[in-house]
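Right, one structure below, let's go through it.
Laboratory data are not the source of any read-out in this text; all were calculated from the coordinates shown. Quick caveat: nothing in here was measured; it's all calculated off a predicted structure. Cβ placement follows ideal geometry from the backbone for every residue including glycine, while neighbour counts extend to all protein chains displayed.
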Amino acid sequence: MSLMWRALAVSMVLCAASCSSPEPAYYTLQPTAGAVLPGGGAKLIEVVRPGLAGYLDRSDIVLKQADYRLSVNSQVRWGEPLADMIGRVLAQDLTQRLPGSSVFSNDGAIGADPSVRVEINVQRFDAEADGSVRLVANVAVERGLSHTPFSSRAVTLQTAGGTGAGGLVAAMSLLLGELADQVASDIARG
């Protein structure tokens, strides 16, 4: 009888091990290089935590959107909240593009009165049915805390997507860099 109980115990352990889910893969957006511009007198630039469409505000990466459906894989996740990551990476992108300025995101530890504020509302940031990646957002660049905009626009950017989740995230990083190019140009002209 004890042999049968041991065999049953071993079977249960093996079944439990084979039934467990694999650890998800975690991804993060990365800064991308762009043209270096004069800062236009903006010494301190604050990137406000971006607003996100509700469907993007999740730990799982939305892989694509097609035929009124979202494609999400629970084994492919963001390494941090997407809004925080977009703000952090955009601040890094702007720091590279505007070397005479100090750029910070308002969700960090720095609290200062900026000469320029950058506000973004992301409406779409995912792959299309054809595999291309699209960023649709509203962007406002404002003078200091007065909220006086010197640039406000709707932005739609698109690029070819790569293979799998890694290719999608790389394409998203490139689009965020293109957005930083536009914002840096607005600040430099401001």
- Query: Can you work out ³J(HN,Hα) from phi for every residue in the range 124-133, in order, using Karplus 6.51 cos²θ - 1.76 cosθ + 1.60 and θ = phi - 60°, giving whole Hz and x for Gly and Pro?
  - Reply: 9, 7, 6, 8, 7, 4, 7, x, 6, 10
- Query: How far is helix 164-189 tilted off the main Cα axis of the chain, in degrees rounded to 10, range 0 to 90?
  - Reply: 10 degrees
- Where does each of Phe125, Phe104 land when they are ranked from fewest to most other beta-carbon atoms within 10 angstrom? Phe104, Phe125
- May I ask for the angle, rounded to the nearest 10°, between helix 82-97 and the longest principal axis of the chain, with both axes built from Cα atoms and the value confined to 0 to 90°? 40 degrees
- Relative contact order for the range 25-189: what is it in percent, counting Cα pairs under 8 Å that are at least 6 residues apart? 29 percent
- Task: Within 10 Å of each residue's Cβ, count the other Cβ atoms and sort Tyr55, Tyr27 from fewest upward.
- Result: Tyr55, Tyr27
- Task: Tell me which residues come under 5 Å, amide H to amide H, from Ser105 once H is placed; ignore anything under 5 positions away on its chain.
- Result: Val47
- Query: What base-10 log of the normalised intensity I(q)/I(0) is obtained for the range 25-189 from the Debye formula, alpha carbons as equal point scatterers, at q = 0.13 Å⁻¹?
  - Reply: -0.59
- Message: Helix 2-19 against the longest principal axis of the chain: what's the angle in degrees, Cα atoms only, rounded to the nearest 10?
- Response: 20 degrees
- Run the dipole for the chain about the Cα centre, Lys and Arg Cβ at +1, Asp and Glu Cβ at -1, nothing else charged, and hand back the magnitude in debye, nearest 20. 100 debye
- Residue order, fewest to most surrounding Cβ atoms within 10 angstrom, among Arg124, Arg134, Arg69: Arg69, Arg124, Arg134
